[in-house]
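The values are calculated or read from the model by the stated rules, or taken from the named source; none is laboratory data. Remember, predicted model here, so these are calculated numbers, not experimental data. Neighbour counts are summed over all protein chains in view; Cβ atoms, including those assigned to glycine, are modelled from backbone coordinates with ideal geometry. Just so you know, the surface numbers come from the protein's heavy atoms only, side chains and all, with ligands and any DNA or RNA stripped out. Shrake-Rupley method; radii C 1.70, N 1.55, O 1.52, S 1.80 Å.
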Amino acid sequence: MSPRRSAPYTPHQRRSFVEGLRTRIVALGSWWMSSVTVRVVSLVMLAGIVSMVVAGSVIVSQVRSQLFDRAVTSAVDQFEAARASAQSTFGTTVRTAGQIQQAANELIISQYDPVRSIVGAALLRTPNQDETSFQIAEPSTQSSTQIITLISDEMRQAVPGSTGVLWQSVALPNDNGSTSPGIVAGASLELPGAGQYEFYVAYSLENQEETVRLVTGILMAGALVLVLLLALITWLVVGLVLHPVREASQNARKLADGAFDARMRVHGEDELAQLARSFNQMAQSISDQFTRLERMSKVQQDFVSAVSHELRSPVTTIRMAGQLIYDKRDELPAALRRSAELQHDQLINLDTMLSDLLEISRFDAGAMTLATEPSDLADIVRRTIRAQLPLAQSNGVAVYMQTQGDTTAQIEPRRIERIVRNLVVNALEHAESRPVRIRVVGGPTAVAVEVSDNGIGLTDEQVAHVFDRFWRADTARVRKSGGTGLGLTIAREDALLHGGRLQCAGELGLGATFLLAVPREVGQTWTSPLPLRVAAAEESWNDDSLWERIGDDDGTARGAEEGAPPLTPEIGRVKRELSETGSIRVASREAQRPSPDAMSAPEAAGGETRDALPTAGADPRLGPHPSHVAREVETPEPKAPETGGKA
């Protein structure tokens, strides 16, 4: 069997290792940034380690210096005593060459005692001296220390001219090949008849070195224990301090979620207790303010709802009567004809405002429901554009449309059409005679409708308020299509009711873009097939070949009069009563404030509030009520104005 070979190293393995290392570093960075406890404990440990290293280095250095100085002093004293004793021996009792050689050998042998850290000695003749009567052999200790090799040339030159003891630090070789610290001490000796010799002794400082190692180990162990103990104490203290902070953070999240009864526990009278008291006071103040604002909002909603309903019947009656006058305007003098037209337009605007207020009150009451059905958003958009072609022609605006993908979704067509109508009318009003382009794009989970123009545009501040109630970017701007300031607000609420989203982006001087995105099925997770951006900034936006122009040859444009609301059966009844009896039977009611559920239930089932006129005798949102009483309202015959009179 052939030997198995290991796979060669590849750059992919290196990249995997680098990516894994980078991932770990990023995770550690996130952990570091997300925890105050980790940062504080780490910084305290780092400061403790640095302090211990500095302090330990100073202590070990001092211990080493003191031990070395004492060891050198002791070795020098021992050497001086041995030298003095040898000089005395050579000067008094030794006379012959054999005696001097024997005394020298005995001296060298006596200077080998590892117990006392004496590891060897040597007696060397001083070079370059005059001839003497005789010379002796240069004895030295025969050991692994090899003292002769440790004596430097500098020391050999210095010792003969010195009357004292000289020493030099050296590294002493050991049997195992390692080295240990030591010194070599030297001085000159005078041997009678043999001349001047140099006496050297080597001393080991290994014991002192072991002492330094022991002290260093003890200091390191103590420093490690101290740093760990310091980290533990810091962790406990930081946890004690941060516990109220964490509690305050949790209670703040509860307050943000609407739990205004969240409070902190107060213990003691210290700074943390003051923090808890301050938080509780803030929470109580927020709760009181929210309760007050909620009560004021409820009063406001009830007021708007009640006023809207109370005005509904008289406004309906006035509008029906105005419709009759408007239908007879050709029979009126010129001044009265213009008054009838103005009255007709303003009554429509008033009725629209009441419908919008009622719709907003139902959204506020949370009583809106969806009556969905499979519908094609492209068809709804196309139908809405054609209905607004008279306004587009009046403003000199060309309308283009583009569809992509499957644009069918489970929606309530009436609400989607209302959203699209608001967006298209808004774009036509602000397009500054430049094109308006609408895209309908179907994605895997959602359908998006993008309405963009190349008009005056919007600033970032205006984008932030564009869906606010009764807000206008330019209050001095004249609208040709009326408007109550509630259209975009209702449109956003309709989008949210579908589980979708209505967004806006704009740039001053470049244009604005509104993006409606709704899921194919209400309640499912979805992703918009179109991103939110200022569409007019893209080059493809101005390429007409990619778009379909609406209203060129389909014959769907209507005149201004065709855009007026059609007559309803109720208005026909009123016209007959006026022609036959001269009076109208209308329903009056005592001051009754309907509940939000009562006023919104029929409409939530799919009733339209803007396009259809309710019956004058009974409000279709309220149903029959005992307080509805029919009464006669006499309507006098109109008199012809005098010539030259003021209508």
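Neighbours of SER143 by Cβ distance under 13 Å: Lys/Arg scored +1, Asp/Glu scored -1, total -2. Note on SER339/LEU370: beta-carbon distance plugged into 1/(1 + (r/R0)^6) with R0 of 60 Å gives a FRET efficiency of 0.90.
Taking the Cβ-Cβ separation of VAL225 and ALA47 as r and a Förster radius of 25 Å, what is the calculated FRET efficiency to the nearest 0.05?
Efficiency at R0 = 25 Å is approximately 0.90.
Between ASP130 and THR211, what FRET efficiency follows from the Cβ-Cβ distance if R0 is 45 Å, with the result rounded to 0.05?
0.40
Our note on the geometry: Cα centres of the range 516-534 and the range 187-225, 86 Å apart.
Given a 1.4 Å probe and every protein chain left where it sits, what share in percent of the accessible area of the range 63-198 is carbon and sulfur? Can you show the working numbers first?
Numbers: 3590 of 7190 Å².
Using a 1.4 Å probe with all protein chains present, the range 63-198 comes out at 50 percent carbon and sulfur.
The residues of the range 303-443 expose, per residue, 38 Å² of accessible area to a 1.4 Å probe. Counting protein heavy atoms only, the range 317-357 has 59 percent of its accessible area on carbon and sulfur, 1.4 angstrom probe. Using a cutoff of 8 angstrom between alpha carbon atoms and counting only pairs six or more residues apart, the relative contact order for the range 167-321 works out to 10 percent. Extension gain for ARG22 to GLN402 (0.36 nm times residue separation, less C-alpha to C-alpha distance): 132.2 nm.
Hey, can you rank 371-382, 537-548 by average C-beta count inside 10 Å, highest first? Present the calculation step by step, with values, prior to reporting the outcome.
Values: 371-382: 17.7, 537-548: 11.7.
Put in order of decreasing packing, that is 371-382, 537-548.
How big is D, in µm² s⁻¹, for the range 34-142 by Stokes-Einstein at 4 °C and 1.567 mPa s if Rh is the Kirkwood radius over C-alpha pairs? Let's see the in-between values first.
Details: Rh = 18.8 Å.
In µm²/s, the coefficient rounds to 69.
The modelled label-to-label distance for the pair MET282/ARG70, using points 7 Å beyond Cα in the direction of Cβ, is 6.2 nm.
At a threshold of 8 angstrom on Cα-Cα distance, excluding pairs fewer than six apart, so keeping six or more, what relative contact order does the range 146-239 reach in percent? Rounded, it is 19 percent for the range 146-239.
The apolar share of the surface of the range 235-280, taken as the fraction of accessible area on carbon and sulfur atoms (1.4 Å probe, ligands and nucleic acids excluded), comes to 60 percent.
The mean sequence distance of close C-alpha pairs (under 8 Å, at least 6 residues apart), as a share of the length of the range 252-324, puts its relative contact order at 22 percent. Using a probe of 1.4 Å, the accessible surface attributed to LEU332 totals some 50 Å² when neighbouring protein chains are kept in position. Ranked by solvent-accessible area (1.4 Å probe, protein heavy atoms only, all chains present), the residues LEU150, LEU272 order from largest to smallest as LEU272, LEU150. The modelled label-to-label distance between GLU521 and LEU311, using points 7 Å beyond Cα along the C-beta direction, is 4.4 nm.
Using a probe of 1.4 angstrom and keeping all protein chains present, the accessible surface of the range 207-289 works out to 68 square angstrom per residue.
Here the extension length gained between ARG246 and LEU546 equals 102.3 nm, from 0.36 nm per residue of separation less the Cα-Cα distance.
Computed extension length for VAL237-GLN87: 46.8 nm, one decimal, from 0.36 nm per residue of separation with the Cα-Cα distance subtracted.
TRP526 contributes an accessible area of around 50 Å² to the protein surface, as traced by a 1.4 Å probe with all chains present.
Note that the range 69-152 presents 55 Å² accessible area per residue, ligands and nucleic acids not counted, probe 1.4 Å.
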